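Nothing in this text is a laboratory measurement; each read-out follows from the coordinates by a stated rule. From a predicted model like this one, the values you see are computed outputs, not experimental measurements. Cβ coordinates were reconstructed from backbone atoms using ideal geometry, including for glycine residues, and neighbour counts include every protein chain displayed.
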């Protein structure tokens, strides 16, 4: 890999060219970057007159406030050489492989050698591009397009690195893969994840986003569970509460395959997250789980799309959020059933628990059904922590704080007990406990 | 020392509406005091006021526990003194298992939490779980009490009152009471809505705990539970006041003559 630095750190057309040059990228990729930049400049900034942005405003957001990562960060060869916080974080999970990124640099990688022998590729996108260019070219940008939204366009113009995971046919990987993405203060980061589960394979991957104080993260995640594959993706967003966060994530689920997504949106001052589930072929299944717990003045916005294109697909969505202080959440979700997608079974639910008078949760579930033999259910609730609940627990000797904590933990339990990885579940529980003021 | 709960000339309002208009009564450890009255007479209000529900404003009078006023205490502090309220309508708390909840409650009431905090305050090391009763010990006691009080062991892992039938909820209240070992329990219509089997289980639980030394204020609308739990005292509650107190025979008189008799014979002002 080249070690020259980027000759500009501002978000500009010069940076788009510089990234292609620095990494000696193939022409197809440089062209894609240039085209994405064109799309970015041609796309107006979102305004609140658009339905998608009506409840989320970018007041105070300015690209000129952020710089690009220009210097490569040297890699280390063992966990012990990592900053203690990172190695401690890695230890929370028993994994089959781990990647640690500092901004756009992969600083540590490990992979169970047995998995490598079985054909599993788990590395950074930069390395994959050199060693497996055809694979990357097939899947990169095939799912999330630059034209999807202004932030996706910016992402495709400026991404420097990301996660690449490929599991071949019939290979089942039991242990999860884990990725830590540590972002420096004030930077604009564009991590790209490309995850491919070939026919009848199985994999679980957890990505943990950290840092980015006063910075921005603009992520794209593309997921491919091919026929009869089982792909479990866990996205843990633990960014600093001063970070701006944008993410577009999409999975295409093929014949008889299963996709499971867990979204934990803890950090950021503002998050705008799109999660799309495309059930491309008959008999495919998807499950989308979400957790959020904004505090202070945090603003967390999720868009989900359960797109049933073919018959006999099932999808099940459950997003739960607790809101404290003057925080806000927006949930907009749609179930789309295409004309031939008979025997679709789709479920969508968003529950919010308000812990303060100033908190506000907007929930806009939706259905768009063009087939007649389907079952679709959706709903949303928003409730305060009821005094009667608190009183009941206090009358048993629990302090007010413990009583509230117990009610909030109980509220999230419905999602937590569906989290497939114990290590991740413990992390989520710890974060919830921290937010309810126990730790 | 025998614990005593005294309610003295208690006036309680909800908003502008005065519901208790000067209630006085006493409950001692080891005795059963039945409080009978028609619906809407303010029985539940009194139960909530004793437990410290914030919506019920005490405008005058006092509630004393062993001679000390408890009016300024939070509900959890009253629970730690040894006051227990068995709810008429226990709320369901999804996602919180009965066992986890009860372990936290028992640990708090028995002082595990306060002791652990005091040790840390004196420079001791904070150990994970030190605020809770040790798991093995708790489990052993819980299972023994489930058996003793005829509560199915499956309760432990179920979410607190979530999806419980009326009878299961009341059994759950008895089990909580047995674990928390209060000195004085207020049982708010613990007999309502129960079939005869569930009623027997609940009554049997109360009797066992009273035999162990608990005092009970048994609030009821009907005389039925008094066939199973023998009261030492019976008070008749009417329109926000105790209008008559007597021995167990008073329950039978009331059963025979009905609440209309109270209004006529005791010359209580009609509403």
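With only alpha-carbon pairs counted, each pair once and no self-pairs, how large is the Kirkwood hydrodynamic radius of segment A:106-244 in angstroms? After inverting the mean inverse Cα-Cα distance, the result is 15.5 Å.
The fraction of all Cα pairs in segment A:216-329 landing in successive 5 Å bins from 0 to the largest distance is 3, 13, 23, 21, 15, 11, 8, 5, 2, 0, given as whole percents. Cβ crowding within 10 Å, taken as a proxy for footprinting-reagent exposure, orders B:91, B:7, B:202 from fewest neighbours to most as B:91, B:7, B:202. With the Kirkwood sum run over all distinct C-alpha pairs, segment A:386-439 has a hydrodynamic radius of 11.8 Å.
Neighbour counts of other Cβ atoms within 10 Å put A:191, A:308, A:261 in the fewest-to-most order A:261, A:191, A:308. Semi-axes of the equivalent ellipsoid for the protein assembly as shown, computed as √(5λ) from the eigenvalues of its C-alpha gyration tensor and ordered from largest down, come to 61, 25, 24 Å.
Could you work out how far the C-alpha centroid of segment A:1-69 sits from that of segment A:387-415, in angstrom? So the two Cα centres are separated by 46 Å. Residue separation of residue B:197 and residue B:68 scaled by 0.36 nm, minus their Cα-Cα distance, works out to 42.5 nm of gained length. Among B:95, B:172, B:163, the residue with the largest mean-square fluctuation in a Gaussian network model of chain B, with springs joining Cα atoms closer than 10 Å, is B:95. Sorted fewest first by neighbouring Cβ atoms within 10 angstrom, A:53, A:159 come out as A:53, A:159. Across segment A:13-292, Cα-Cα distances exceeding 37 Å account for 8% of all pairs. Among B:150, B:17, B:39, the largest mean-square fluctuation in a Gaussian network model of chain B, built with springs joining Cα atoms closer than 10 Å, belongs to B:17.
Here the translational diffusion coefficient of segment B:93-163 follows from Stokes-Einstein with Rh set to the Kirkwood radius across Cα pairs; for 25 °C and 0.890 mPa s it amounts to 185 µm²/s. Nearest 10 degrees is fine. How inclined is helix B:112-121 to the longest principal axis of chain B, computing both from alpha carbons? Tilt of helix B:112-121: around 50 degrees.
Mean partner shielding of peptide B:159-168, defined as the number of other chain Cβ atoms within 10 Å of each residue Cβ, is 1. For the peptide B:73-85, the mean number of other protein chain Cβ atoms found within 10 angstrom of a residue's Cβ is 4. Working from Cα pairs under 8 Å separated by at least six residues, relative contact order for chain A is 9 percent.
One compactness figure for segment A:264-356 is 1.22, namely its Cα radius of gyration divided by 2.2 N^0.38 Å.
For peptide A:407-417, the mean count of partner chain Cβ atoms within 10 Å of a residue's Cβ comes to 3.
When the P(r) is computed for chain B, the part past 36 Å accounts for 16% of the Cα-Cα pairs. Using Cα centres only, tell me the gap between segment A:171-242 and segment A:310-369 in whole Å. Centre-to-centre (Cα) distance: 22 Å. Annotation: peptides A:144-153, B:226-235, ranked by per-residue average of other Cβ atoms within 10 Å with the highest first, follow the order A:144-153, B:226-235. Using only Cα atoms, what Kirkwood radius does segment B:1-44 have, in angstroms? Averaging 1/r across every pair of different Cα atoms and inverting gives 12.0 Å.
Considering only Cα atoms, the convex hull volume of segment B:69-210 works out to 122 Å³ per residue.
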